[in-house]
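The values are calculated or read from the model by the stated rules, or taken from the named source; none is laboratory data. Remember, it's a predicted structure, so these values are computed and weren't measured experimentally. Here the Cβ positions follow ideal geometry from the backbone for every residue, glycine too, while neighbour counts run over all protein chains shown. Calculation scope for accessible area: heavy atoms of the full protein, side chains included, ligands and nucleic acids excluded. Shrake-Rupley method; radii C 1.70, N 1.55, O 1.52, S 1.80 Å.
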Amino acid sequence: MSDIQHKQEVARYSVRYGQRSLSFTWTQVESPEQQGKKPRKAVIHVHPNGEVEVQTPAETPLAEVKQALLKRARWVTEHMDEIRERRRHILSREYVSGETLFYLGRRYVLKRITSDTEHHVKLLRGQIQVTGPDLTREQVKANLRAWYRHRAQEVFHRRLKHVEDRLHWLDERPDWRLLEMKTQWGSCSPKGDVLLNPHLVKAPTECIDYVILHELCHLEEHNHSQRFYDLLSYAMPRWEVVKSRLDGMSEMLLNE
């Protein structure tokens, strides 16, 4: 998960690792030295869609960025291969009855019901039922997208209230809104605006809490410094286990 931080530049590069060419984005962030803090090391992310991002202080030379990636190239390629293998078994949705849908970490069966009534979506006895006239693939998809956004608005508001007391630096609840994103579950702007991906409502509740806490920690520490991870560990001691669980489900939850 990557976040909107105090970014100065984003660029794409590549580096050779054996027979492979590793493409990556290079994000330069405000130097901690300018804030009287200990200099950060390069932070490497492999996003759920397989994209690689390297974050460094702004003054880091490109040669050092590539060297940092090469030092962790084995770890990076293993994660990329795992993502590719998981994707291989995931088929594009046809939005027909019998397909599996997710909500709050549970699997539900899609049920299309043709009716003269207005379009609506209902959760009932292990099914997510989409009812209405002219239920084409695109219509069912649109109905489900609207339903997930409505549910996400309610669930995220409730989970934010549930976790905010863990954060002693949070004086008031931040502004937040929904935004569909292909590579991120959430983000936090330098101004403190929190964005949450409505697809996250398909994940287990603890995964939702993790993403919310991750972004709220950025209100106090805008980069992925050691202090940031200390804050996150304070708020959610098992965050690494929860993140791993969410990463393992990403392809299924983002599949449309």
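Observations on the structure shown:
- Residues of segment 173-190 that are modelled with pLDDT of 85 or more and among the polar types (S, T, N, Q): Gln184, Ser187.
- Any hit, segment 144-155, residues being surrounded by 17 or more Cβ atoms within 10 Å (Cβ to Cβ) and in contact with a Gly (Cβ under 9 Å, 6 or more places away or on another chain): no
- Those residues of segment 47-69 which are open to solvent by 60 Å² or more (accessible area, probe 1.4 Å) and either under 24 Å from Met249 (Cβ atoms) or part of a helix (DSSP H, G or I) (or both), in sequence order: Glu51, Ala63, Glu64, Lys66, Gln67
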